[in-house]
1. Take the chain, connect every pair of alpha-carbon atoms lying under 10 Å apart with a spring to form a Gaussian network, then pick out the residue of 34, 152, 112 with the largest mean-square fluctuation.
2. If a/c stays under 1.5 just call it rounded; otherwise compare a/b with b/c (prolate if a/b is bigger, oblate if not). Do that for the stretch 1-122, with a ≥ b ≥ c from the square roots of the Cα gyration tensor eigenvalues.
3. Report the extension gain between residue 14 and residue 48 in nm, rounded to one decimal, defined as 0.36 nm multiplied by the number of residues separating them, less their alpha carbon distance.
4. Restricting to Cα pairs below 8 Å that are 6+ residues apart, what does the relative contact order work out to for the chain? Please round to a whole percent.
5. Non-local amide H neighbours of residue 4 (under 5 Å, H modeled in plane, Pro and chain starts lacking H): which ones?
6. Expressed in nm to one decimal, what extension gain is obtained for the pair residue 246 and residue 134 from 0.36 nm per residue of sequence separation less their Cα-Cα distance?
7. For the chain, modelled as a Gaussian network with Cα springs under 10 Å, which listed residue fluctuates most, 214, 145, 31?
8. Report, in whole Å, the centroid distance computed from the Cα atoms of the stretch 95-147 and the stretch 183-234.
Amino acid sequence: MVAGNWKLNGSVASVEALASEIVSELRAGCAADVVVCPVFVHLHNVRSCIASSQIKLGAQNASAQSSGAFTGEVSAGMLAECGCEYVIVGHSERRELYGESSDEVADKFVAVQSVGLCPILCVGETLEQREGGETENVVAAQLDAVIEASGVAALSRAVVAYEPVWAIGTGKTATPEEAQAVHAFIRAKIASLDSSVATSVRILYGGSVKPSNASELFSQDDIDGGLIGGASLQSADFVEICRAAE
Ligand code: PEP
């Protein structure tokens, strides 16, 4: 599976062009599941462009609330109505820039699943945490918040994305071995609670994935695809990454 996180980018015209290019370049079919995640206000336009293709629609965030006095928020139910099938929750930019705690992320995860959508749960450590030997503790705590709120079985209806914060948008990619080690840790942690969930859950790697490093990352045993930021904004690069995940 490959998901493109378009972040805060694009005009209506440019996202329509990007989505249409991806559709046409993948017209022959792609064995990997492919998801694109534009900003909220572009969902409708992108939905039209990817209609009748294999590409699925995702959102970059959702409110934990379903309705009410929460000015500026967008609920998971509204995203479902817009045609979304996936929602990114707990992206490190949300955690860092908007102060989302792991408990809030867990509430969003629950809200997304409650309307039948699939959360893409992002976890990952900062450089400081990695250098302090805290990677596994940090990732475990981020997962535990969701497991406590939803139960481990909920992960079989979710995607986990391991995104080391120091690798996002920096051009520094985790080596395939570094990424695999954390993916294996995540899978083993889930397996300690439920082995069948651990086998079925998809764990994506995110952090400066490019066409030049995607194949090697995706060939690791516990890496089931990628969450792609910068490179998802170029259709040729994104499609090459999708091909690497086939
Ligand atoms: C991301 O935004 O989730 C991401 C992984 O970004 P990039 O690929 O640009 O590092």
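1. 152
2. Working: a/c = 1.83, a/b = 1.73, b/c = 1.06.
Note, shape of the stretch 1-122 comes out prolate.
3. On the way: separation 34, 0.36 × 34 = 12.24 nm, distance 1.40 nm.
In short, 10.8 nm is gained.
4. On the way: 480 pairs, mean separation 52.0, N = 246.
Here the relative contact order equals 21 percent.
5. 35, 36, 37, 228
6. So the extension gain works out to 37.0 nm.
7. Looking only at 214, 145, 31, the biggest GNM fluctuation is shown by 31.
8. One Cα centre to the other: 15 Å.
Quick note: the coordinates plus some simple rules give every number you see, no bench work behind them. Only a predicted model underlies this, so the values are computations on that prediction, with no experimental measurement involved. FYI the Cβ positions are ideal-geometry reconstructions off the backbone, even for glycines, and counts take in every protein chain you see.
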